Structure formats: structure tokens, C-alpha cells
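Structure, as C-alpha cells:
FYI, it's all coordinate maths here, none of it is from the lab. What you are looking at is a predicted structure, and each value in this text was computed from that prediction instead of being measured. No Cβ is skipped: glycine too gets one built from the backbone with ideal geometry, and neighbour counts run over all protein chains shown.
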Amino acid sequence: MSKPVMSVALVCGPDSDMEANAIRATLESFDARVITYWIGRPSDLMDILSGKDLYPDVDVIIFSFHGDEGKFVMPELDESVYEEYEPRDDFGPDEVARFVNLPGKVVLANGCSLGDPKLAQAFLNGGCQTYIGPDDYPYGSSALMFVVRYFYEVLHNKKSVQEAFAITTAMDEELEMYRIYEREPVVR
């Protein structure tokens, strides 16, 4: 790989490894440097959300996760395995708001219903510049295609976040459920 044009944190949730591997291989072929983070317990996600475990030059964070009702689906652990400070449930807006500190980052949450406005606002309040995710339940292949096309436009065609988002969501009806949220209004 030549010098990477972008550094991407790929955060892989439970049962999302096939999608994460496909995303990683694709983005690396587009000359991105991809650092994969495997989430096995709540503290793993807490350390990503807080920025504690992220490399400092990460431009974009992709959450390759399952989502339900606007929450990141977390693994269910035996009660004896949890640390005292770890949340026991899925991570929704309240849990994200407790930990998120991602100033200036672009976040793509590629799981069902993770484009929920309350969840997006929790990320924006935690410093993210842009938050993207579907507000409904896309097919798995559609979710993968969203990431591939979006990054093709950003990395290969040098489109802005907003331009790449517009091109990608126009690709097919299934992708129209993706939403983009930004800290500041974008002049179009």
C-alpha cells in the first residue's frame, strides 16, 4: 500500500465479522489505512467511544454493528463476567452520551436503526462533526454496499462527505433510509 490517504477505525460488534472483513479489504484497496477493533465486552466499546483506544490520526470511525431500536447491540455476558462499572444492556443514546468524546470525527454507524436522531445527537454532542446511519433496517448486502460506494466516492473520486452521501443514497431505494447529521449546517 502506498501512503494511506485516510485512517479509518473499523469497530466490529458481535456477529459482524464478515461485514467488517469485507469493509476492511475494500477500504485498503482504496488506499485507506484500516485499524480494526473487535468489541467483546462493554468496556471495549467504552474505550472507543471515549477516544482512549483510538489512534490519534483516525479520520473516520465505522461501527460495523447490529442495531435495534436506535441502540448498538452488545454481547450478553454472564453476570459474573461484567466489571462493576460496565453497562449491562445495549448502548443507546444515554450510554453513548456517558462516554463519547470524539472531537471532529466522522462516524458511520452501519447497523439497523443506528441512524436514530437521538443516537446521532449523542455523538454530535460528544464532538463528532458528522454522523451517518440508517434510520430503519437495511438488508445486510445493502448496508455493505452503502459503505463501499460511500468510500469509493470519498477516496477515489475525492468527493466531500455530503457529496458522497448524496451519490450513495441515490443509488437505490434501500439506501434512502440512511441519514446524515452534522454539527453545523452545510450550505448546499
* Under Karplus coefficients 6.51, -1.76 and 1.60, residue-wise ³J(HN,Hα) of region 109-114 in Hz, glycine/proline x -> 9, 9, x, 3, 6, 7
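R0 = 45 Å: FRET efficiency of residue 148 with residue 76, Cβ-based, nearest 0.05?
Plugging the Cβ-Cβ distance into 1/(1 + (r/R0)^6) gives 0.90.
Determine the calculated [θ] at 222 nm for the chain from helices alone, applying -39500 (n - 2.57) to every DSSP H run no shorter than 4 residues and normalising by the residue count; nearest 500 deg cm²/dmol. It would help to have the intermediate numbers written out before the result.
Numbers: 6 runs with 58 residues, N = 188.
Calculated mean residue ellipticity at 222 nm is -9000 deg cm²/dmol.
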* Structure fact -> One point scatterer per Cα, no solvent, Debye formula: log10 I(q)/I(0) for region 91-155 at q = 0.11, 0.20, 0.28 Å⁻¹ comes out as -0.26, -0.79, -1.15
* **When region 77-188 is reduced to its Cα atoms, the Kirkwood hydrodynamic radius in Å** => 15.1
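Which shape class applies to region 1-56: rounded if a/c is under 1.5, otherwise prolate when a/b exceeds b/c and oblate if not, where a ≥ b ≥ c are the square roots of the Cα gyration tensor eigenvalues? Can you show the working numbers first?
Values: a/c = 4.14, a/b = 1.42, b/c = 2.91.
Since a/c reaches 1.5 but b/c is at least a/b, the shape of region 1-56 is classed as oblate.
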* Asked: In the P(r) worked out for region 1-137, what percent of Cα pairs fall beyond 25 Å?
  -> 21
* Asked: Amide H to amide H under 5 Å from residue 36: which residues, 5+ apart in sequence or cross-chain, H placed 1.01 Å off N in plane?
  -> 10
* Please work out how much length the chain gains when fully extended from residue 184 to residue 98, using 0.36 nm per residue of separation minus the C-alpha to C-alpha distance, in nm with one decimal. => 28.7 nm
